[in-house]
């Protein structure tokens with residue numbers, strides 16, 4: 001999740017986050033930031049990453065590939 005989504009997860013007191021593909025450019029759970037490891041936060045979240053990693057990464061890559069094609073005409 002991005003930083004804003006991670007903040008919403010914390011504020012909502014969600015106990016567990018499960019996701020497939022990390023985002024190295026703007027991810028806030030395990031890549032660019034590790035906000036759920038920050039002990040200054042008022043809530044902890046159990047994070048499980050990499051579920052169906054390859055399939056999720058392919059879906060994301062395909063989505064953004066199509067967006068680039070559409071934006072370039």
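Quick note: the coordinates plus some simple rules give every number you see, no bench work behind them. Nothing here was measured: the structure is a model prediction, and the numbers come from that model. Counting neighbours? That spans all protein chains shown, and the Cβs are built from the backbone with ideal geometry, glycine included.
Among the criteria (1) exposed (fewer than 12 other Cβ atoms within 10 Å of the Cβ); (2) over 14 Å from residue 3 (Cα atoms); (3) under 15 Å from the mean Cα position of the chain (by Cα), the one residue 60 does not fulfil is (1). Of the residues in region 12-33, none is at negative phi, outside any loop (DSSP other than H, G, I, E, B), loosely packed, with under 14 Cβ neighbours inside 10 Å and without any contact (Cβ under 8 Å) to a residue 24 or more places away in the chain. The residue pairs whose first member lies in region 54-67 and is touching a residue at least 24 places away in the same chain (Cβ under 8 Å), whose second member is surrounded by 10 or more Cβ atoms within 10 Å (Cβ to Cβ), and whose beta carbons are closer than 6 Å, counting only pairs six or more residues apart or on different chains, are 56/20; 56/21; 57/21; 60/21.
Scanning region 34-49 for residues that are touching a strand residue (DSSP E or B) at 6+ places or on another chain (Cβ under 8 Å) and more than 16 Å from residue 4 (Cα to Cα), we see that the one that is surrounded by the most Cβ atoms within 10 Å (Cβ to Cβ) is 47.
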